[in-house]
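A.B. asks: Below is the structure I would like to discuss, written out as structure tokens.
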Amino acid sequence: MKKIKKQVKRLDGSKKLIAFTARLEEDMRSFCRDKGIESESELVRQAIAKFIYGSYEDETFKLQGLKHLQEKVTELHDMMNILFSYIIKMNESNMAYHPEIDSSLKEAAYISARTRHDRFFNIFQDSLKNEPSFFERLLSKYYSDIK
């Protein structure tokens, strides 16, 4: 005796009866044929699902986009905060080392300024190390953007 496989119905909801125009029926048959859709019922089911869930997906994408923008704005805020901190410390250092010099000493003053700047920048970097996660995140982002 042969066993007959019981087919599981994929469309288990209630049936809906709707009328189509002749042109719409022809368009649906053509579309199903072109897209490899098995039946007009399946086409209608897909169309309804796309209509209902399509707006949800669009909203989800919009929210993801807004979240990405918020992260970028926060990152820019952090970078600006670092820059302002650097400028303030630079001004404090500049004011402390701002004597008038003779024009004959300009070259030596430039070399000295460069050395002091390097020393200052190293101190500034050390001060950022008090917030390692913040510093590492910005440093990582900076170097990944350079490459």
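Nothing in this text is a laboratory measurement; each read-out follows from the coordinates by a stated rule. Here the structure is a predicted model, which is why all the values come from computation and not from measurement. Methodologically, a virtual Cβ is constructed for each residue, glycine included, from the backbone with ideal geometry; neighbour enumeration extends over all protein chains shown.
A.B. asks: Could you tell me which of the pairs Lys106/Lys129; Lys15/Lys50; Lys67/Lys89 are separated by over 27 angstrom between their Cα atoms in the structure shown?
C.D. replies: On the way: Lys106/Lys129 34 Å; Lys15/Lys50 19 Å; Lys67/Lys89 33 Å.
Correct reply: Lys106/Lys129; Lys67/Lys89.
A.B. asks: One-quarter of the Cα convex hull surface for segment 20-124, in nm²?
C.D. replies: Working: hull surface 57.4 nm².
With every direction weighted equally, the projected area is 14.4 nm².
A.B. asks: So what J values fall out for segment 85-96 if you push phi through Karplus, 6.51 cos²θ - 1.76 cosθ + 1.60 with θ = phi - 60°, rounded to Hz, Gly and Pro as x?
C.D. replies: So the Karplus estimates, Gly and Pro as x, are 4, 5, 4, 4, 5, 5, 5, 4, 5, 5, 5, 5 Hz.
A.B. asks: Whole-Hz Karplus ³J(HN,Hα) for segment 31-40, in order, using 6.51 cos²θ - 1.76 cosθ + 1.60 and θ = phi - 60°, x for Gly and Pro?
C.D. replies: Once θ is set to phi - 60°, the couplings for segment 31-40 become 4, 4, 4, 5, 9, x, 7, 5, 8, 5 Hz.
A.B. asks: Using +1 on the beta carbon of Lys and Arg, -1 on that of Asp and Glu, and nothing else charged, what's the dipole of segment 70-146 about the Cα centre, debye to 20? Display every interim value, and only then the final one.
C.D. replies: Details: 9 positive and 12 negative charges, 18 e Å.
The dipole of segment 70-146 has a size of about 80 debye.
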